[in-house]
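Trainee: Take this structure first; my questions come after.
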Amino acid sequence: MKLNVKLYTFIGGIVVIAFVVFGFYVYNFQKEVIDKTYKETIEEYLNNYTQMINLEIESKRKSVTVAMNLASNYFNSLGSINETTEQVKVGEQVVNKWIIAGKPIQNNFEIVDKIKGFGVHASTIFQKTPKGYLRISTNVITKEGKRAVGTFIPFDSPVAQAIEKGERYIGRAWVVDSWYITAYEPIRVNGVIKGILFVGEPEINYTALSEDFKTKKYFGSGYPYIVDEEGVLTAHPQSVGLSIAEYDFFKEMKEKKNGFVVYDWKGREKTQYFRYLEPIKSFITVGWYTEDYEAIFSELRTTIFIAVLFALAVVIGIIFIIVRSVMKQLGADPKEVQEIANKVAEGDFSMNINLKQGDTNSLLASMNKMVHTIKTMVQDVQKLGNSATEGKLDVRADATKFQGEYKKLVQGLNSTLDAIIGPLNVAAEYIDRISKGDVPPKIVDEYKGDFNEIKNNINQCIDAINLLIKDTYDLAEHATNGRLNERAKAERHQGDFRRLVQGINSTLDRLVGLIDNMPIPVRIVDKNNNVLYENNIKL
């Protein structure tokens with residue numbers, strides 16, 4: 001498998017795995033962040049509604065306290081109640097007639113409407129009966145659009161129990177068919193508690209909330225609603241009054257009070273966050289279908305997948321360019337380049353390097369230049385060796401064909417040959433001259449090492465020959481001058497030169513001996529008649 005394929009496979013595989021892991025990490029990280037953000041948003045939404053409702057309830061408690069004070073003052077200003085024995089019918093009940101300020105109270109709505117005119121939402125006058133406290137005058141309207149006279153507050157009600165103790169009751173109470181924030185105060189007739197004065201306001205405008213909830217959408221299908229602790233939907237975009245008391249998820253809500261539940265609703269999984277509101281004994285909830293919520297993350301997955309694919313394509317493209325650039329710089333598969341480099345390292349320059357057309361800058365092209373340069377240098381060195389073998393010691397390599405260190409190497413080789421052959425040429429010249437009887441002067445040039453030893457030996461040879469020549473000349477001159485008894489000192493010579501001098505001396509001795517033994521006297525004198533030689537026969 002070629003390197004580029006290996007690189008594409010290896011690096012590409014690593015990049016793909018890295019991007020997949022990175023994409024998976026980003027998705028999970030973003031999912032966790034978004035999920036946390038959405039849940040915090042829902043919690044904040046529930047908190048905001050809780051605070052709003054709590055503030056509204058507290059405000060209405062203060063409002064009904066003021067309203068009760070206003071209503072009580074007005075009612076007391078009318079005077080005392082006169083209870084007669086005359087019987088009047090209120091709804092289905094018959095009670096003693098009450099008169100105040102000369103006017104009957106039962107079925108007379110003048111007082112309660114007057115109180116309403118003061119800005120009090122609702123007011124009622126109750127009369128005590130054996131069954132409880134009966135509404136005898138009210139401006140509370142039933143669902144049928146009628147005044148709710150003839151209805152009771154039973155004695156077991158917290159309201160009735162407080163009134164029986166002579167206490168004012170302020171708090172939440174069920175009024176006819178809905179919850180109110182109320183104030184109740186005992187009405188005394190002749191010092192005896194005989195009735196109740198009531199003022200109140202609906203605790204929450206559930207109708208307005210239901211309309212508001214219709215505008216809220218969470219994750220496509222989600223919406224908020226309020227359900228009381230009996231399971232009745234009190235504020236809902238569509239189903240006000242519906243009971244969910246028998247559903248398991250509501251029972252779980254009652255058990256937890258706060259948190260979330262996941263349940264099946266008409267074949268689809270639903271998630272619901274809820275918060276218990278103590279002041280209104282209800283739950284405010286936000287719910288949505290799980291599949292709609294997950295759709296958000298499906299879009300996130302798609303977005304991240306597309307982004308990862310795009311980034312992956314860009315990175316792979318960059319990798320392709322880098323690998324292609326690397327291969328272009330190499331000039332061939334690295335295995336081929338390695339084989340060539342190994343052969344060069346082993347001194348094998350027999351390979352043929354095939355370059356791609358136009359390739360002048362790759363590593364392979366540089367190796368081709370290197371191989372060519374080394375081949376040329378080796379050929380020049382071989383040429384020098386062959387020339388030296390043939391005795392052509394003046395042949396040199398052409399250093400101008402090379403550059404850089406190669407040029408220095410060839411120049412160094414040429415200089416080495418010059419250093420070797422220079423002294424040899426001098427020696428050859430001296431030997432040639434000596435062989436021709438031309439004894440040259442001693443060598444005075446400086447040489448090193450073995451060449452200096454050669455120089456010294458040649459100089460010694462010159463000294464020896466010069467001494468031999470001098471002694472020979474001296475003997476010849478002495479003989480010419482008649483000084484036949486003069487001899488050369490053979491001990492100043494060595495080897496054959498000593499034997500040669502000894503031979504000459506012996507020859508002279510033999511010659512003089514012959515002369516000495518001649519039967520006639522022989523005398524040799526100079527021009528001044530000085531005797532230079534005479535034999536044994538005296539004149």
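The values are calculated or read from the model by the stated rules, or taken from the named source; none is laboratory data. Here the structure is a predicted model, which means the values were calculated and not measured. All Cβ positions, glycine included, derive from the backbone under ideal geometry; neighbour counts span all protein chains shown.
To keep it simple, each residue is scored yes or no on (1) crowded, with 16+ Cβ neighbours inside 10 Å; (2) part of a helix (DSSP H, G or I).
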residue: 36; (1), (2): no, yes
residue: 47; (1), (2): no, yes
residue: 63; (1), (2): yes, yes
residue: 68; (1), (2): yes, yes
residue: 71; (1), (2): yes, yes
residue: 84; (1), (2): no, no
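Trainee: Yes or no: region 436-457 includes at least one residue that is at pLDDT 75 or above, in contact with a Pro (Cβ under 7 Å, 6 or more places away or on another chain) and hydrophobic (A, V, I, L, M, F, W, C).
Mentor: Yes, because at least one residue in region 436-457 is at pLDDT 75 or above, in contact with a Pro (Cβ under 7 Å, 6 or more places away or on another chain) and hydrophobic (A, V, I, L, M, F, W, C).
Trainee: Counting only residues that are polar (S, T, N, Q) and more than 16 Å from residue 342 (Cα to Cα), which one in region 359-380 is surrounded by the most Cβ atoms within 10 Å (Cβ to Cβ)?
Mentor: 362
Trainee: Another one. Would you check if residue 11 is in a helix (DSSP H, G or I), within 30 Å of residue 322 (Cβ to Cβ) and of a type outside the set (Phe, Trp, Tyr)?
Mentor: Considered against the rule, which asks whether it is in a helix (DSSP H, G or I), within 30 Å of residue 322 (Cβ to Cβ) and of a type outside the set (Phe, Trp, Tyr), residue 11 comes out as yes.
Trainee: Taking only pairs six or more apart or across chains, which ones have beta-carbon atoms under 8 Å, a first residue in region 424-451 that is within 15 Å of residue 466 (Cβ to Cβ) and not assigned by TED's automatic domain parsing to the domain that holds residue 394, and a second residue that is at pLDDT 80 or above and not in a helix (DSSP H, G or I)?
Mentor: 430/440; 430/443; 433/439; 433/440; 434/440
Trainee: Here's another thing I want to ask about it. Taking residue 231, is it under 17 Å from residue 44 (Cα atoms) and surrounded by 13 or more Cβ atoms within 10 Å (Cβ to Cβ)?
Mentor: So residue 231 does not fit the description; no.
Condition check ((1) at pLDDT 75 or above; (2) outside any helix (DSSP H, G or I); (3) more than 30 Å from residue 9 (Cα to Cα)) across all residues:
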{"site": "352", "(1), (2), (3)": "yes, yes, yes"}
{"site": "364", "(1), (2), (3)": "no, no, no"}
{"site": "410", "(1), (2), (3)": "yes, no, yes"}
{"site": "414", "(1), (2), (3)": "yes, no, yes"}
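Trainee: Residues of region 259-285 being among the β-branched types (Val, Ile, Thr) and over 40 Å from the mean Cα position of the chain (by Cα), which ones?
Mentor: 280, 284, 285
Trainee: Continuing with the same structure: Which one of these is at pLDDT below 80 and farther than 24 Å from residue 203 by Cβ: 33, 5, 21?
Mentor: On inspection, the qualifying residue turns out to be 5.
Trainee: Looking only at region 440-447, decide whether some residue is under 30 Å from residue 417 (Cα atoms), assigned to a loop (DSSP other than H, G, I, E, B), over 60 Å from the mean Cα position of the chain (by Cα) and among the β-branched types (Val, Ile, Thr).
Mentor: The answer is yes, given that some residue of region 440-447 is under 30 Å from residue 417 (Cα atoms), assigned to a loop (DSSP other than H, G, I, E, B), over 60 Å from the mean Cα position of the chain (by Cα) and among the β-branched types (Val, Ile, Thr).
Trainee: List the number of the failed condition for residue 138; all other conditions in (1) buried (at least 18 other Cβ atoms within 10 Å of the Cβ); (2) out of contact with any Asp or Glu (no Cβ under 8 Å at 6 or more places or on another chain); (3) among the β-branched types (Val, Ile, Thr); (4) farther than 18 Å from residue 111 by Cβ hold.
Mentor: That leaves (4) as the condition not met.
Trainee: Let me ask you something else. Go through 474, 463, 450, 496 for me and flag whichever is surrounded by 13 or more Cβ atoms within 10 Å (Cβ to Cβ) and either in contact with a helix residue (DSSP H, G or I) (Cβ under 8 Å, 6 or more places away or on another chain) or of a type outside the set (Gly, Ala, Ser) (or both).
Mentor: Criteria check complete, one pass: 474.
Trainee: Now for a different question. Somewhere in region 500-513, is a residue farther than 14 Å from residue 472 by Cβ, of a type in the set (Val, Ile, Thr) and surrounded by 11 or more Cβ atoms within 10 Å (Cβ to Cβ)?
Mentor: Yes, some residue in region 500-513 is farther than 14 Å from residue 472 by Cβ, of a type in the set (Val, Ile, Thr) and surrounded by 11 or more Cβ atoms within 10 Å (Cβ to Cβ).
Trainee: Any idea how many residues of region 302-350 are aliphatic (A, V, I, L, M), within 30 Å of residue 378 (Cα to Cα) and modelled with pLDDT of 70 or more?
Mentor: Result for region 302-350: 5.
Trainee: Next up: Working carefully through the options 48, 69, find the one that is polar (S, T, N, Q) and modelled with pLDDT of 95 or more.
Mentor: Residue meeting the stated conditions: 69.
Trainee: So, residue 66, is that one of a type in the set (Val, Ile, Thr) and in contact with a Gly (Cβ under 7 Å, 6 or more places away or on another chain) or not?
Mentor: So residue 66 fails the test.
Trainee: Looking only at region 221-235, how many residues end up being within 53 Å of the chain's Cα centre (by Cα) and either on the phi > 0 side of the Ramachandran plot or among the aromatic types (Phe, Trp, Tyr) (or both)?
Mentor: So the answer is 2.
Trainee: Let me ask something additional. For region 209-217, does any single residue satisfy the condition of being within 17 Å of residue 274 (Cα to Cα), among the aromatic types (Phe, Trp, Tyr) and surrounded by 17 or more Cβ atoms within 10 Å (Cβ to Cβ)?
Mentor: Within region 209-217, one or more residues are within 17 Å of residue 274 (Cα to Cα), among the aromatic types (Phe, Trp, Tyr) and surrounded by 17 or more Cβ atoms within 10 Å (Cβ to Cβ).
Trainee: Sticking with this structure for a sec: Given the criterion polar (S, T, N, Q) and outside any helix (DSSP H, G or I), identify the matching residue among 485, 456.
Mentor: Among 485, 456, only 485 is polar (S, T, N, Q) and outside any helix (DSSP H, G or I).
Trainee: Okay, moving on. Can you list residue pairs whose Cβ atoms sit under 8 Å apart, with the first residue in region 395-413 being under 12 Å from residue 381 (Cβ atoms) and the second being surrounded by 12 or more Cβ atoms within 10 Å (Cβ to Cβ) and of a type in the set (Phe, Trp, Tyr)? Count only pairs 6 or more apart in sequence or on different chains.
Mentor: Going by the 8 Å Cβ cut-off, the qualifying pairs are 409/402; 410/402.
Trainee: Name the single residue, out of those in region 153-206 being under 25 Å from residue 54 (Cα atoms) and of a type in the set (Gly, Ala, Ser), that is surrounded by the fewest Cβ atoms within 10 Å (Cβ to Cβ).
Mentor: Ranking the qualifying residues of region 153-206, first place goes to 178.
Trainee: Shifting gears a bit: Specify the residue that is farthest from residue 184 (Cα to Cα); the eligible residues are those in region 109-151 that are of a type in the set (Gly, Ala, Ser) and part of a loop (DSSP other than H, G, I, E, B).
Mentor: 145
Trainee: What tally of residues in region 186-230 results from selecting those that are of a type in the set (Asp, Glu), touching a residue at least 40 places away in the same chain (Cβ under 8 Å) and outside any loop (DSSP other than H, G, I, E, B)?
Mentor: Residues that pass the stated criteria total 2.
Trainee: Look through 392, 335 and report the one residue that is touching a residue at least 60 places away in the same chain (Cβ under 8 Å) and loosely packed, with under 12 Cβ neighbours inside 10 Å.
Mentor: 335
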